[in-house]
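These notes concern the structure reproduced below.
The values are calculated or read from the model by the stated rules, or taken from the named source; none is laboratory data. These figures come from a predicted structure and were not determined experimentally. Every residue, glycine among them, receives a Cβ derived from its backbone with ideal geometry; neighbour counts consider all protein chains shown. We work out accessible area using only protein heavy atoms, side chains counted, and drop any ligands, DNA or RNA first. Shrake-Rupley method; radii C 1.70, N 1.55, O 1.52, S 1.80 Å.
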Amino acid sequence: MCIRDRYMVKLDGTIWCVEEIAKRHLIAVGISTGQVSIYHMQKLEEVFSVAGHKKNVSCLGVFRKQKKLLSGGFDKEIKLWDFSSPQNTNPLYVYKGHTGWISSIAVLQDEEKFVSASYDCTIKLWSVEQGTLLANFKSDKQTFNSVCLIPQTNFVAAGDRSGSLKIFNVNQDWKCEVDLQKVQSSLIQVKCVPGKERVLSAGTNGRVSIWSITKKTSVRHFETSKSSTFCHVRVVDE
């Protein structure tokens with residue numbers, strides 16, 4: 001991994017996920033060996049590292065206000081870390097309940113709850129501090145690759161392997177408010193656009209699309225070769 005083309009970090013494994021911790025100049029990295037590490041982009045140094053999972057670290061969940069980080073892995077577990085000190089090598093909580101590997105994590109705006117998606121065809125809502133499962137949605141057929149939370153709402157957007165984009169109301173027993181069937185070959189990632197009722201999606205057909213939640217239609221898309229696959233997308237603040 002290279003930061004600003006000036007700092008190279010040698011890692012014993014493959015990088016599976018990277019998340020920016022905004023306003024702290026930090027990036028969190030999940031490794032195939034089960035390691036979770038955090039690097040300071042200005043000081044150019046590792047500030048936290050822990051052998052977090054038995055297998056691949058497949059996704060990370062970021063807190064904007066607290067020095068905490070969620071990690072999900074192929075071991076079907078989600079762990080909460082306090083990275084305020086490099087000595088904090090034991091997780092604050094271990095969230096168990098998924099029967100498939102964890103594909104995506106998103107922290108709610110109040111940072112008291114988070115949602116997780118898994119290859120067990122479920123999306124789960126958790127209490128951060130209590131470590132308890134609050135709600136569960138199960139699909140009969142499709143596994144969920146990615147979830148995101150629409151700011152200042154109770155809606156969760158999810159993309160599945162069939163290429164469908166769904167938006168659920170968590171407070172109304174996971175009522176499906178929007179169901180866009182097979183908008184892409186397979187949705188790898190979905191991201192919510194801050195301040196707007198829009199969702200960005202990327203998938204295996206070489207297309208990135210922006211969707212209007214209210215109009216339930218695509219308002220813009222970008223295409224490359226159909227043989228291309230977008231594995232990661234990010235919304236950049238204007």
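Name the single residue that is most open to solvent (accessible area, probe 1.4 Å) among those in the range 1-28 being at pLDDT below 70 and in a strand (DSSP E or B). Within the range 1-28, the match that is most open to solvent (accessible area, probe 1.4 Å) is Met8.
Which pairs do you get when a residue that is at positive phi, found in the range 96-118, comes within reach of a residue that is of a type outside the set (Phe, Trp, Tyr) and open to solvent by 20 Å² or more (accessible area, probe 1.4 Å), reach meaning Cβ atoms under 7 angstrom, with the pair 6+ apart or on two chains? Correct list of pairs: Gly97/Leu133; Glu111/Lys65; Glu111/Gln66.
Do the conditions hold for Leu134, that is, is it aliphatic (A, V, I, L, M), within 23 Å of Asn154 (Cβ to Cβ), open to solvent by less than 40 Å² (accessible area, probe 1.4 Å) and outside any loop (DSSP other than H, G, I, E, B)? In short, no. Of the numbered criteria (1) open to solvent by less than 20 Å² (accessible area, probe 1.4 Å); (2) closer than 30 Å to Asp82 by Cα, the one Asn171 fails is (1). Within the range 174-207, if we keep just the residues that are open to solvent by 70 Å² or more (accessible area, probe 1.4 Å) and at pLDDT 70 or above, the residue that is farthest from Ile102 (Cα to Cα) turns out to be Glu197. The set of residues in the range 119-137 being in contact (Cβ under 8 Å) with a residue 24 or more places away in the chain and hydroxyl-bearing (Ser, Thr, Tyr) consists of Tyr119, Thr122. The criterion of at least 1 residues that are of a type in the set (Val, Ile, Thr) and surrounded by 16 or more Cβ atoms within 10 Å (Cβ to Cβ) is met, among strands (runs of 3 or more DSSP E) falling completely within the range 29-100, by 35-40, 45-51, 57-62, 78-82. Consider the range 210-229 and keep the residues that are of a type in the set (Ser, Thr, Tyr) and at pLDDT below 70. The one that is most open to solvent (accessible area, probe 1.4 Å) is Ser227.
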